[in-house]
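Below is one structure, written out as structure tokens; comments come after it.
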Amino acid sequence: MKLDIEKLPAEEQKVYAMMEHLHVFEKKALWNLIQRSNKDHVSMCPKINNEIRSLEQRGLIAINPYYNGPEYSFFVLQNAPYLMRKLRLYSPKEVYEPSWKQRAKKLFSR
């Protein structure tokens, strides 16, 4: 399945062009955030690394200021909802998500 980028609005085509020019590690980090995002395009990340900082500086992700928790919450492709929808439909659903038992064990083992 190939993404039909021509059907996207012009602003979102620019976002897609920016995504094509990312470094491989930044693409992997963004793809991971896209796959883990919920229907509101919010994704969780346990730590902020250089790739995440770079994506934030480019405007592809934004920190969720309303979330207070042990992880970091991000809005993913907030300015490109149609592109986000296409990428989520395109992405495989087999993403590693730790079970609630593993998350609880990690949280309470400190």
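The values are calculated or read from the model by the stated rules, or taken from the named source; none is laboratory data. The model shown is predicted, which means the values in this text are computed figures rather than measured ones. Here the Cβ positions follow ideal geometry from the backbone for every residue, glycine too, while neighbour counts run over all protein chains shown.
Observations
- Contact map, the range 41-54: first residue under 13 Å from Glu71 (Cβ atoms), second residue of a type in the set (Val, Ile, Thr), Cβ cut-off under 7 Å, separation 6 or more or different chains; pairs are Ser43/Val76; Cys45/Ile52.
- Qualifying positions in the range 7-22 - in contact with a helix residue (DSSP H, G or I) (Cβ under 8 Å, 6 or more places away or on another chain) and assigned to a helix (DSSP H, G or I): Glu12, Gln13, Val15, Tyr16, Met19
- Hits in the range 23-40 - residues which are farther than 27 Å from Tyr66 by Cβ and not in a helix (DSSP H, G or I): His23
- If you go through the range 53-110 and keep only what is of a type in the set (D, E, K, R), modelled with pLDDT under 75 and assigned to a loop (DSSP other than H, G, I, E, B), you end up with Lys93, Glu94, Glu97, Arg110.
- The single condition from (1) loosely packed, with under 12 Cβ neighbours inside 10 Å; (2) in contact with a Phe, Trp or Tyr (Cβ under 8 Å, 6 or more places away or on another chain) that Ile48 fails is (1).
- Those residues of the range 9-50 which are of a type in the set (A, V, I, L, M, F, W, C) and in contact with a strand residue (DSSP E or B) (Cβ under 8 Å, 6 or more places away or on another chain), in sequence order: Leu30, Leu33, Ile34, Val42, Met44, Cys45, Ile48
- Search result, residues across the range 1-25 that are over 17 Å from Phe75 (Cβ atoms), surrounded by 10 or more Cβ atoms within 10 Å (Cβ to Cβ) and within 16 Å of the chain's Cα centre (by Cα): Tyr16, Leu22, His23, Phe25
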